[in-house]
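The values are calculated or read from the model by the stated rules, or taken from the named source; none is laboratory data. What you see is a predicted model; the values in this text were computed from it and never measured. So basically every Cβ, Gly included, is an ideal-geometry build from the backbone, and we count neighbours across all protein chains shown. Note: accessible area is taken over every heavy atom of the protein model, side chains too, but ligands, DNA and RNA are not part of it. Shrake-Rupley method; radii C 1.70, N 1.55, O 1.52, S 1.80 Å.
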Amino acid sequence: MPAASAHHERPPFWRNTNVLKWGVQILTLAAVVAAFWFLVSQAKTNLDDKGIPVGYDWLNDPANIQLGEGIDTVPDTMGRALWSGMVNTLRVAVLGIIASTILGIVLGIARLSNNWLAQKIASVYVETIRNIPVLVQILLWGVIVASLPELTADPGEKRWFFASQKGISLPRVFYADGFYQFVALLLVLAIPIWFVRRYLKRKQELEGGEQHVGSVTFGLFVLAAIIAWFANPIMAWPRGVFHAIEDAWAEIPQSVMQLILTVIAVAGAAWWIKRFLDSRRTPAGLAKLIDDDYFRMIFAVVGALAFVFVVWVLWPGLSSWIINSGSDFWGWLGDKFGGDRGSRPLDGMRPTVTEGGRFVNYAPTGWTLTPAFAALFFGLTFYTASFIAEIVRGGIMAVPQGQNEAAAALGLSRGQALRKVVLPQAFRIVMPPLGNQYLNITKNSSLGIAVAFSEVVQVGQTLYNKNNQTLAMYSIFMVFFLVCSLTISGVVNYINNKLKIVER
Amino acid sequence: MTTTNSMTDVHNGLTDELRARNDIIECRGVDKWFGDFQALRGVDLLVKDREVMVVLGPSGSGKSTLIRCINRLEVHQGGDIIVDGVELTNDLRNIDKIRSEVGMVFQQFNLFPHLTVLDNITLAPIWVRKKAKKEAEQKAHELLERVGIPEQANKFPGQLSGGQQQRVAIARSLAMEPRVMLFDEPTSALDPEMISEVLDVMKDLANGGMTMICVTHEMGFAREVADRIVFMEDGRVVEIGTPNQFFTDPKSDRTKLFLSQIL
């Protein structure tokens, strides 16, 4: 029947690729969830039989441990101890990311340089360092720091720089009472500066000539910073405002928060579906939706309903948690304000030595890299920098030679060609693998356990050796590293999309 | 190596009018090696002010190498190259001076893909000539008008056709207000229907009195526009002459063979 076959006939569902695709995915998801559920419940039963109840209540138990360093070295609770460990992990990861990026870019460019010496040094560095396991390097740095001289200063002695077995100590600059007021005042003053800048830019576009946009903006900003440095107490008033918000927030009833979350979930799903339908709209009207499209919309609705179910039935405590921590946040912010006359934004101190004799140590007046931190930081940074150097080199080499030639033929200097033509294109190529290296630094920071650095895994192991909450602890590790990794890849993907070269 | 016979007399084919003008490019016995391979063998060449010179020859004959030596994208190892009275040496100041006075158009366009058409054109005037942005943009719009694509200013190179990209590349070179334009097979990477739009721009430029050296395989263009034609083989200049001389009465056997193969 040729006439009939001209019409679109719906295939039976067992031959419909859309149905099959979604069916397989849903089945796989269900199987994974079921397997996971089975394993967890088995482990829970087994642990229950041994008298070890699985849960997270122990987070509020007293910790009774001392950490080598961190925001809280003698934490009250186990939760606080873990938090302190997480901050240490983030500290070494963020500093490692910054330092290895700078070192890696320098090495990568040096490897391509025409300078024979620079090129050889960079090559030897990369080929050596990237081929030695990072754990060995971290341990080696631990040995190097441990071989520094003993700390033999008199108690109370101040110096600009100490390097000893106890670590490397430098002067420290820290936020003082007025810091948040200073920043707030600077932001307020930035508004008129922004208008001046816009005015000058317009003037330059309309009238031509040199209007010194950059230098005027910079000068005004420096002036604003000087004013804000001394006048910061006039921004003390937000204290009251933030504390009022804190009180108001705490008054929100749980049911109202549940309602708000419900509205957000439902509105989010509706917004997603609307956007999705808009994307299917052509100038000729709404395109015909296929099964695949319906599945997606159904999934959005199911997801929203599942969230509503969680909010009202499964975990009503979520809402009160949001209320409490929101209120805490405003209170915390409010406390940052209210410094009186003479409060300074920043303050500095030199490192001091305490307790002469046997238990000689640095007082926390300076900025001290403890031996453990130094070993982990140097190990991670130097190791990862060798990979970043190769990525940068590859990125620059991937820019066609014709780009350099065109820049040279136009009379751009080598430096200008690098900055204006090559690097912007290399950056685009380099970004995704660079993100991988950032993830690696964050994950490899757990090797700090080898030099007894108080990062989250080390702290966690100490804790579960006390209370046997291995399973719960590992779930916390996993969630923590997952959140770190997703944040990094989110940022990298965002930048990547921004840099995409427009074609067609 | 600098054996010159009467065929490659640099004054061949010069009309009296051309002869009276200044030399703007002077090559004397230029040698160039790539490793063991000698790409240029004692090339002598004289280009007069506002002259249009077309360089022909089989592939691998050193045509591109010659013009790349003229703005020092390649470094010559023997002989002298003098551009507008400035000799090409290792002196950075001379190199910069010559590069900003000699524009170059490449076979592969080599536009900067991360910049819009307008930014491609204004980049060098702003950073090398230190022009005001507004002035540079105004000039860029004029040039885009001149090459026939004023409406593409805010697009990216990837959004343009090959012919449009090559016209942007020409506008980009012209923005530096060069005294000499070098064209390195500007139409070889283009679809046939786009070749003419690029050649039209080049003809327009030639009629406007620009000094040009074109490496090309477009015989029609060579016959119509060139003041003189240079024929090269194996890194040597084999013959120089007016288009009429060259196409109707070639002197060397090699030129005759080349012409019999392409015509």
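Values as computed for the structure displayed
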{"item": "Cα-based Kirkwood hydrodynamic radius, the stretch A:209-360, one decimal, Å", "result": "21.8 Å"}
{"item": "Helix-only CD estimate at 222 nm, as mean residue ellipticity for chain B, using -39500 (n - 2.57) per DSSP H run (n ≥ 4)", "result": "-11000 deg cm²/dmol"}
{"item": "The stretch A:174-235 shape via C-alpha gyration tensor axes, a/c threshold 1.5", "result": "prolate"}
{"item": "Environment charge of A:W330, counting only residues whose C-beta is closer than 13 Å and scoring Lys/Arg +1, Asp/Glu -1", "result": "-3"}
{"item": "With all protein chains modelled, accessible area of B:E135 [1.4 Å, Å²]", "result": "100 Å²"}
{"item": "FRET efficiency estimate (nearest 0.05) - Cβ-Cβ, A:N115 to A:A176, R0 56 angstrom", "result": "0.80"}
{"item": "Built amide H within the under 5 Å cut-off of A:N361, gap 5+", "result": "A:T354"}
{"item": "When each of B:K63/B:K97; A:K420/B:K131; B:K97/B:K155 is checked by Cα-Cα distance, pairs over 27 Å", "result": "B:K97/B:K155"}
{"item": "Formal net charge of residues neighbouring A:F242 (Cβ-Cβ distance under 11 Å; K, R +1; D, E -1)", "result": "-1"}
{"item": "Distance between the stretch A:472-491 and the stretch B:199-232 - C-alpha centres, whole angstrom", "result": "64 Å"}
{"item": "Cα lying deepest toward the dipole's positive end in the stretch A:237-349, options A:F309, A:V263, A:G326, charges on Cβ", "result": "A:V263"}
{"item": "As computed over chain B, the Cα convex hull volume per residue (Å³)", "result": "132 Å³"}
{"item": "Cα centroid separation, the stretch A:100-145 to the stretch A:372-413 (Å)", "result": "12 Å"}
{"item": "Interchain or long-range residues, amide H under 5 Å from B:E51's placed H", "result": "B:M212"}
{"item": "At least 30 Å² accessible surface lost relative to isolated chain, residues of the stretch B:98-112 (1.4 Å probe)", "result": "B:R99, B:F106, B:N110, B:F112"}
{"item": "Cut-off under 5 Å, modelled amide H: who pairs with A:T77 long-range", "result": "A:A63"}
{"item": "Debye, to nearest 20: dipole size of the protein assembly as shown, +1 on Lys, Arg Cβ, -1 on Asp, Glu Cβ", "result": "820 debye"}
{"item": "Rounded accessible area per residue of chain B, 1.4 Å, Å²", "result": "42 Å²"}
{"item": "Solvent-accessible area, 1.4 Å probe, carbon plus sulfur percent, for chain A", "result": "67 percent"}
{"item": "B:R228 accessible area, 1.4 Å probe, all protein chains in place, Å² to nearest 10", "result": "0 Å²"}
{"item": "Accessible area that becomes buried as A packs against B, both chains, 1.4 Å probe, Å², nearest 100", "result": "2200 Å²"}
{"item": "Radius 14 Å from Cβ of A:F13, net charge of other residues (Lys, Arg +1; Asp, Glu -1)", "result": "0"}
{"item": "Relative contact order (%) - chain B, alpha-carbon pairs under 8 angstrom, separation at least six", "result": "27 percent"}
{"item": "Net charge dipole size for the stretch A:22-91 [Lys, Arg +1 and Asp, Glu -1 on Cβ; Debye, nearest 20]", "result": "240 debye"}
{"item": "The stretch B:156-206, accessible surface, carbon-and-sulfur percent (1.4 angstrom probe)", "result": "42 percent"}
{"item": "Furthest towards positive pole of dipole, B:T89, B:A132, B:P186, structure part chain B, Cβ charges", "result": "B:A132"}
{"item": "Largest to smallest accessible area among B:E145, B:E87 [probe 1.4 Å]", "result": "B:E145, B:E87"}
{"item": "Modelled FRET efficiency - R0 56 Å, A:A190 with A:V479, Cβ distances, 0.05 increments", "result": "0.90"}
{"item": "Whole-number accessible area per residue in Å² for the stretch A:237-349, which is evaluated in the context of all protein chains at 1.4 Å", "result": "65 Å²"}
{"item": "Phi to ³J(HN,Hα) by Karplus 6.51 cos²θ - 1.76 cosθ + 1.60 over the stretch A:215-232, Hz, x for Gly, Pro", "result": "6, 5, 4, 4, x, 4, 5, 4, 4, 4, 5, 5, 4, 5, 4, 8, 9, 4"}
{"item": "Shielding score for B:123-129, defined as the mean number of other chain Cβ atoms within 10 Å", "result": "5"}
{"item": "Acute angle (nearest 10 degrees) that the helix B:253-262 long axis makes with the longest principal axis of chain B, alpha-carbon atoms", "result": "40 degrees"}
{"item": "Modelled FRET efficiency - R0 51 Å, B:D80 with A:A225, Cβ distances, 0.05 increments", "result": "0.35"}
{"item": "Where A:Y294, A:Y362, A:Y474, A:Y199 fall by accessible area, highest first, once all protein chains stay in place (1.4 Å)", "result": "A:Y199, A:Y294, A:Y474, A:Y362"}
{"item": "Euclidean distance between Cα centres, the stretch A:9-26 to the stretch A:328-352, Å", "result": "62 Å"}
{"item": "Whole-number percent relative contact order across the stretch A:237-349, with pairs defined as alpha carbons under 8 Å at least 6 apart", "result": "55 percent"}
{"item": "Computed magnitude of the charge dipole of the stretch B:44-92 (debye, nearest 20; Cβ of K, R +1, Cβ of D, E -1)", "result": "260 debye"}
{"item": "Normalised contact order of chain A, rounded percent, pairs of Cα under 8 Å and 6 or more residues apart", "result": "26 percent"}
{"item": "Estimated vicinal HN-Hα couplings, Hz - the stretch A:402-419 in sequence order (Karplus 6.51, -1.76, 1.60; Gly, Pro = x)", "result": "x, 5, 5, 5, 4, 4, 5, 5, 7, x, 5, 6, 4, x, 5, 4, 5, 6"}
{"item": "Cβ-based charge dipole, the stretch A:5-70, positive-most Cα from A:S41, A:A30, A:P62", "result": "A:A30"}
{"item": "Reachable aspartates and glutamates, given that their alpha-carbon falls under 16 Å from the alpha-carbon of A:K201 and they are not under 8 places away in the same chain", "result": "A:E210, B:E135, B:E137"}
{"item": "Prolate/oblate/rounded label for chain A (Cα gyration tensor, a/c 1.5)", "result": "rounded"}
{"item": "Residue-averaged [θ]222 nm for chain A, counting only DSSP H segments that reach four residues, each worth -39500 (n - 2.57)", "result": "-22000 deg cm²/dmol"}
{"item": "Estimated vicinal HN-Hα couplings, Hz - the stretch A:27-40 in sequence order (Karplus 6.51, -1.76, 1.60; Gly, Pro = x)", "result": "4, 4, 4, 4, 5, 4, 4, 5, 4, 4, 4, 4, 4, 5"}
